[in-house]
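Notes follow once the structure below has been shown.
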Amino acid sequence: MLAVQSSFAESVDGDDVRSDDGGDERRAERPGDNYYCLYRYQQAGGVSQQDEDESGAVGSQCGEDFSLSLMDTNLAAESEPELRGFIAKRLSRGAMFEGMGNVASVDLGYPEYTLGCYYCLIQCKPEDYTEPGPPSPEYIICFLGGTEKGLDLFRLELDCYTEGIKSKLQAAQVHDLQLEIRAHLSCWYEDSVLPIHRMVNLFQEKLAYLLHAALSYTPVDVINSSEQTQNDIRRFLSSAGLQGLVQEGTMTSLCIAMTERQQRSVTVDFRDGQPELVNAVSNRFCENWMQVFINSYDGGSPFLFRQKLENFKLKVIQDMNNLKRLIRQAESSHYALFRCYNFLKNCGNDDLLLQIVKVEHTEMPEARSVVQVLEEFIHEEGFSVHYSKPPNPS
């Protein structure tokens, strides 16, 4: 194996090192240990008597500059004041900005036991809001579960989920808040954290096909399934893809290239209750990583699965950068060209890496010629891809 290519075993070991707090994660993540809390936030001078009656002596607890009115929570009565004090300190330090979620550890009063806490300040402007006018209502949403490190892996999902709650708060009347918002608040863990966990459990060995589709930007059609399963697959593909890790122009070109290929799209059919994949592709790299997921399913927390998914993408980026460096060297060295070939042959991800660098080097003649030679070599040897059942001719 080439020195420039870290082995698959090393990447998995690295995963264990970066996720070494998985044991702490499992100790902290007890059954039912996911909570939510919704506060109404008001600056000084905007506190009504109703707010004070609903939330208690918030002014004396939170300081003179603002108040926090508890709207809804599933935290125990003895734990909520601890969270309120934590949020009050963040507000007093000016450490909260509208629409920007943060993650930290909070101590709810239990010795040697903390939870990760995602918190976000949101401002709800009604559709007919005009300036000047009365200030728009502001709320603070808190989600608690797992550890700080684990919850931070889901920050993007929680930002999106908070946006959904914001739109509901804008539409709901005050007396409808509990009816309209509580269900959405209470489902945050199931909708934002558990989809990857459910996908591993549902697809098992077939997960390799989803990993390959995510990396290659292949369209995936889901039929005969529930809405939750469709959303889970969509979120998994988004989480396993390289969005934000490769140039936007490269992503667009890859999407175009994939739609123009004969493969077209993958179909996932749940007609018999289990996923049946049609026209799907996997390779040795994705199959190795699939084993990492399913081998740890019984003892893996959703936070650990997300860390593994991040390490999966990191390994792809590392291999892609190594290949790019070798291609630059191969422009003037036949030996480097041979090293490129060996690298692709050994990595198990030759089809996807070649497709990515081919798109990125379209406007670079010398590099493009190297990629063409590599494609010919690999085609002669045979790409390390495996196919699911072909589409039905009818």
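The table for this structure:
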| read-out | value |
| --- | --- |
| Cross-link pairs Lys166/Lys313; Lys206/Lys358; Lys206/Lys308; Lys324/Lys345; Lys89/Lys149; Lys206/Lys313 - those with Cα-Cα distance over 23 Å | Lys166/Lys313; Lys206/Lys358 |
| Whole-percent carbon and sulfur share, accessible surface of segment 311-350, 1.4 Å | 50 percent |
| Calculated from backbone phi, Karplus (6.51, -1.76, 1.60) coupling profile of segment 162-168 in Hz, x at Gly/Pro | 5, 4, x, 5, 4, 5, 6 |
| Gyration tensor (alpha-carbon) shape descriptor, segment 140-218, a/c threshold 1.5 | prolate |
| Shape category assigned to segment 303-394 from the gyration tensor of Cα positions, a/c cut at 1.5 | oblate |
| Accessible area in the full protein assembly, largest first, 1.4 Å probe, for Thr218, Thr267 | Thr267, Thr218 |
| Net lengthening on full extension, Glu380/Ser238 (0.36 nm per residue, minus Cα-Cα) | 47.8 nm |
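The values are calculated or read from the model by the stated rules, or taken from the named source; none is laboratory data. Predicted, not measured: the structure shown is a model, and the values here were computed from it. For the accessible areas, the whole protein counts, side chains as well, though only heavy atoms, and no ligand, DNA or RNA atoms are used. Shrake-Rupley method; radii C 1.70, N 1.55, O 1.52, S 1.80 Å.
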